[in-house]
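The values are calculated or read from the model by the stated rules, or taken from the named source; none is laboratory data. Because the structure is predicted, anything quoted here is derived from the model rather than measured. Every residue, glycine among them, receives a Cβ derived from its backbone with ideal geometry; neighbour counts consider all protein chains shown. Heavy atoms of the whole protein, side chains included, go into the accessibility calculation; ligands, DNA and RNA do not. Shrake-Rupley method; radii C 1.70, N 1.55, O 1.52, S 1.80 Å.
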Amino acid sequence: MGYRGSRAALVLVAGLLAGSLSCGHASADELYELGEYLSGDCTACHQLEGRAPGIPPITGWPVEAFVMVMVAYKEGERDHALMQNVARRLSDEDMKALAVFFEKQGQ
Amino acid sequence: MNRKFTRREFGMMAGAGVAASTLAAPAIGQAKPKLVVVGGGPGGATVARYVAKDSKGAIDVTLIEANARHTTCFFSNLYIGGLRSFDSITHGYDKLKSDYGINVVQAFAIGVDAARRTVTVAGGETFSYDKLVVAPGIDFEYDAYEGYSKEVAETFPHAWQAGPQSQILRRQLEAMEDGGVFLIAPPPNPFRCPPGPYERISLVAQYLKQNKPRSKIIAVDAKDKFSKQALFQEGWARHYEGMIEWLPLNITGGVKKVDVRGKTLHTGGESFKGDVINIIPPQRAGAIALAAGLANESGWCPIDPFTMASTRVPHAYVIGDSSIAAQMPKSGFSANSQAKACAMAIRAALTGSRAFEPRYSNTCWSLIANGDGVKVGASYQATKEKIASTDTFISKTGEDAATRTATAEEAEGWYAGIVADIFG
């Protein structure tokens with residue numbers, strides 16, 4: 001994705017992906033369900049279908065890239081006051097849930 | 001229970017008022033729980049859409065809205081300032097009907113019977129509900145100023161419910177002579193869209209600067225300070241030097257009396273004459289919220305911060321501008337955010353679906369000039385007492401032009417996004 005994450009982000013992403021993503025169906029479904037609910041915060045601006053200038057599309061990204069970018073916002077390594085605000089209240093599980101949900105959209 | 005009615009029988013029942021509503025659920029063979037939403041703005045349309053979408057047809061959703069189409073208040077200043085067409089900020093309900101199976105009823109809700117759980121609309125038809133969402137937006141205190149009334153608002157438009165009022169104001173600005181005075185009276189707190197009056201001043205200033213450069217703007221405010229004040233005042237000095245005079249409450253004492261013939265606003269001391277006069281009066285919850293007993297003595301509706309459920313009327317929820325959402329401003333973004341938490345709570349109550357901790361957020365973009373955008377926003381969480389702000393951000397004074405252009409472009413993208421999120 002052209003983004004080079006910090007070591008902190010990489011370590012966190014690696015930890016996240018080694019976690020419950022590889023678990024069974026129930027867990028993945030729960031994660032998706034959480035992501036679907038949390039996505040409401042994103043879809044106030046980002047469209048699930050269609051695009052508009054000024055707001056980048058966030059559907060169909062690989063989970064790793066999505067999480068890495070959100071971690072970078074949360075850590076303040078990526079610059080955007082609104083997105084930093086959004087990311088700061090997301091737990092590791094929240095970010096993973098959103099990544100799982102949005103990866104499946106727009107495909 | 002399972003007998004199928006003919007269309008004609010069903011039509012007769014639907015028109016039969018109370019009898020129909022008490023029979024409706026079992027009679028037509030639907031055991032589906034019923035949600036009725038009053039108001040098709042950013043709050044109401046969003047909650048209807050999210051409940052319909054996420055319950056996947058398990059909940060019967062009816063949306064009662066007086067108008068066939070909704071003109072958004074957000075971005076209506078861009079229309080007034082000549083940057084957008086009226087059509088581009090006006091949206092219909094076709095997708096809510098066709099893509100989400102929502103029963104959209106064009107009618108004006110006039111009453112709620114909380115004991116029978118019915119909503120009555122003008123004309124007498126009633127709609128029964130298991131859960132009710134009331135999202136009527138704002139109403140105005142027309143008796144706030146001597147000489148002011150709903151009729152006067154046709155001459156001195158508030159343009160604070162977008163639609164015909166916005167068109168009146170736009171026409172008046174177009175008709176104003178160069179050298180005229182645009183006189184605006186922003187309201188006291190709390191009111192819809194805190195930065196809105198100041199974005200309006202900005203975009204009217206831009207229109208006048210380009211078309212009627214000898215004109216002036218005078219703001220007789222009912223407050224001593226306002227949202228994004230430093231950003232707006234910096235921008236006014238930069239873009240519209242000498243054109244805008246903003247007068248806080250502590251200088252004028254605020255508007256006391258309105259003289260329609262003399263085109264004058266009288267304060268405790270000085271009087272101000274305007275060629276176009278935009279009175280944005282004090283506000284309260286929409287009329288149906290008061291009629292339904294949802295509002296308290298403040299004129300606004302107290303809610304449970306976790307679900308947006310009314311604390312006064314069982315099985316009813318209030319979202320958007322009518323609600324007392326504490327630190328969340330009255331904005332379309334807030335209403336849309338509250339609608340999603342509310343939709344989740346309603347689905348959980350009606351179908352037992354999983355409910356997560358509610359998360360609220362808001363961002364208000366404003367244009368100071370075309371291509372000069374600023375924003376303020378926050379995250380919120382529910383506590384026992386209120387919806388509390390947890391983390392805020394705001395544009396900075398002195399930002400470079402590229403940042404402001406990016407923010408303005410982001411606002412355009414947000415508009416497209418949120419309209420899709422509201423109306424489908």
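B:Arg312 meets each of the listed conditions (1) among the charged types (D, E, K, R); (2) touching a residue at least 60 places away in the same chain (Cβ under 8 Å); (3) touching a Pro at 6+ places or on another chain (Cβ under 9 Å) apart from (2).
May I ask you to verify whether B:Ala411 is at the interface with another protein chain (Cβ under 8 Å from one of its Cβ atoms), assigned to a helix (DSSP H, G or I) and farther than 18 Å from B:Pro302 by Cα? In short, yes. Taken as a whole, the structure places A:Glu49 among residues that are of a type in the set (Asp, Glu) and either more than 14 Å from chain B (Cβ to nearest Cβ) or more than 11 Å from the chain's Cα centre (by Cα) (or both). Residue count for the stretch B:238-253, restricted to those that are within 14 Å of B:Leu203 (Cα to Cα) and part of a helix (DSSP H, G or I): 2.
Every residue, every condition in (1) assigned to a helix (DSSP H, G or I); (2) away from every other protein chain (no Cβ under 12 Å); (3) hydrophobic (A, V, I, L, M, F, W, C), yes or no:
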| position | (1), (2), (3) |
| --- | --- |
| B:Asn336 | yes, no, no |
| B:Ala339 | yes, no, yes |
| B:Ser353 | no, no, no |
| B:Val376 | no, no, yes |
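Take the conditions (1) over 25 Å from A:Leu90 (Cβ atoms); (2) in a strand (DSSP E or B); (3) open to solvent by 10 Å² or more (accessible area, probe 1.4 Å); B:Ile368 misses just one of them, which is (3).
What are the residues in the stretch A:71-104 that are closer than 20 Å to A:Gly54 by Cα, assigned to a loop (DSSP other than H, G, I, E, B) and within 13 Å of chain B (Cβ to nearest Cβ), if any?
A:Asp79, A:His80
Using the structure shown, decide if B:Gly163 is without any contact (Cβ under 8 Å) to a residue 60 or more places away in the chain and either under 15 Å from the mean Cα position of the chain (by Cα) or on the phi > 0 side of the Ramachandran plot (or both). For B:Gly163, the condition - without any contact (Cβ under 8 Å) to a residue 60 or more places away in the chain and either under 15 Å from the mean Cα position of the chain (by Cα) or on the phi > 0 side of the Ramachandran plot (or both) - is not met. Of the residues making up the stretch B:378-395, those that are within 9 Å of chain A (Cβ to nearest Cβ), open to solvent by less than 40 Å² (accessible area, probe 1.4 Å) and not aromatic (Phe, Trp, Tyr) are B:Ala378, B:Ser379, B:Asp391, B:Ser395. Filtered by the rule that a residue be among the acidic types (Asp, Glu) and at the interface with chain B (Cβ under 9 Å from one of its Cβ atoms), the stretch A:28-46 gives A:Glu30, A:Glu33, A:Glu36, A:Asp41.
Pairs linking a residue in the stretch B:222-236 that is under 21 Å from B:His266 (Cα atoms) and in the same structural domain as B:Lys256 (by TED's automatic domain parsing) to a residue that is among the polar types (S, T, N, Q) and in a helix (DSSP H, G or I), with Cβ atoms under 6 Å and 6 or more positions apart or on different chains, are B:Asp224/B:Asn250. I'd like to know if the stretch B:73-86 contains one or more residues that are open to solvent by 20 Å² or more (accessible area, probe 1.4 Å), more than 30 Å from B:Asn211 (Cβ to Cβ), not aromatic (Phe, Trp, Tyr) and not in a strand (DSSP E or B). No, that holds for no residue.
Restricting the stretch A:53-70 to residues that are out of contact with any helix residue (DSSP H, G or I) (no Cβ under 7 Å at 6 or more places or on another chain) and outside any helix (DSSP H, G or I), the residue that is most open to solvent (accessible area, probe 1.4 Å) is A:Pro56.
Name the single residue, out of those in the stretch B:397-408 being without any contact (Cβ under 8 Å) to a residue 40 or more places away in the chain and in a loop (DSSP other than H, G, I, E, B), that is nearest to the other protein chains (Cβ to nearest Cβ). Looking at residues that are without any contact (Cβ under 8 Å) to a residue 40 or more places away in the chain and in a loop (DSSP other than H, G, I, E, B), I get B:Glu399.
Restricting B:Leu132, B:Leu173 to residues that are more than 25 Å from B:Gly39 (Cβ to Cβ), in contact with a strand residue (DSSP E or B) (Cβ under 7 Å, 6 or more places away or on another chain) and not hydroxyl-bearing (Ser, Thr, Tyr) narrows the list to B:Leu173. Pairing residues of the stretch B:359-384 that are within 27 Å of B:Arg84 (Cα to Cα) with residues that are basic (Lys, Arg) and assigned to a strand (DSSP E or B), at Cβ distances under 7 Å and at least 6 apart in sequence or on separate chains, gives B:Thr363/B:Lys375; B:Cys364/B:Lys375; B:Trp365/B:Lys375. Residues in the stretch B:315-328 that are surrounded by fewer than 24 Cβ atoms within 10 Å (Cβ to Cβ), at pLDDT 95 or above and touching a Pro at 6+ places or on another chain (Cβ under 9 Å): B:Ile324 alone.
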